[in-house]
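The values are calculated or read from the model by the stated rules, or taken from the named source; none is laboratory data. Computed from a predicted structure; not experimentally measured. Positions of Cβ are backbone-derived with ideal geometry, glycine not excepted, and every protein chain shown enters the neighbour counts. Accessible surface areas use protein heavy atoms only, side chains included; no ligands, DNA or RNA. Shrake-Rupley method; radii C 1.70, N 1.55, O 1.52, S 1.80 Å.
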Amino acid sequence: FAPKEQVVLDPPKDTPFTLSELRQYDGVQKPSIYVAVKGTVFDVTKNSKVYGPGGSYAVFAGKDGSRGLAKSSLKPEHAVPDTDGLDEGEFTVLDDWFSYFRQRYNIMGKIV
């Protein structure tokens with residue numbers, strides 16, 4: 001049983017992003033890949049095989065995919081920030097995803 005790898009992160013940045021600005025960080029338009037969760041923008045570039053073009057989670061690249069993460073859905077129509085109508089269990093899943101990202105990826109800013 002290996003100890004959990006300690007990830008050293010930069011201090012969080014507070015750069016404001018609009019959703020249209022975030023869309024540029026999809027690994028195609030810009031080489032960096034950002035994913036937002038609950039309005040917080042994370043730099044996931046170091047996992048470009050997963051989040052970049054052709055990756056299993058590429059649907060979330062350049063987007064706030066909170067709804068899709070909460071619903072455990074990779075459908076493009078779910079890769080949106082709207083959390084209206086989610087149930088308690090889905091909000092718990094979303095909170096778990098947020099914790100996962102916060103522990104592994106640098107925070108680049110917030111959606112405005």
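Just a few scattered comments:
- Pairs linking a residue in region 66-93 that is within 18 Å of Val112 (Cα to Cα) to a residue that is among the acidic types (Asp, Glu) and open to solvent by 60 Å² or more (accessible area, probe 1.4 Å), with Cβ atoms under 7 Å and 6 or more positions apart or on different chains, are Arg67/Asp82.
- Residue within region 98-106 that is open to solvent by less than 30 Å² (accessible area, probe 1.4 Å), under 19 Å from Ser48 (Cα atoms), not polar (S, T, N, Q) and not in a loop (DSSP other than H, G, I, E, B) present: yes
- Odd one out for Val59, checked against (1) open to solvent by 60 Å² or more (accessible area, probe 1.4 Å); (2) out of contact with any strand residue (DSSP E or B) (no Cβ under 6 Å at 6 or more places or on another chain): (1)
- Within region 1-34, tally of residues that are surrounded by 13 or more Cβ atoms within 10 Å (Cβ to Cβ), in contact with a helix residue (DSSP H, G or I) (Cβ under 7 Å, 6 or more places away or on another chain) and either of a type in the set (A, V, I, L, M) or more than 26 Å from Ser72 (Cα to Cα) (or both): 1
- Pair list, Cβ < 7 Å and 6+ apart or interchain, from region 96-112 residues that are over 10 Å from Val41 (Cα atoms) to residues that are open to solvent by 60 Å² or more (accessible area, probe 1.4 Å): Phe98/Lys38; Val112/Pro16
- Among (1) within 26 Å of Val7 (Cα to Cα); (2) open to solvent by 80 Å² or more (accessible area, probe 1.4 Å); (3) β-branched (Val, Ile, Thr), the one test that Val37 misses: (2)
- Of all residues in region 63-77 being part of a helix (DSSP H, G or I) and open to solvent by 40 Å² or more (accessible area, probe 1.4 Å), the one that is nearest to Asp26 (Cα to Cα): Pro76
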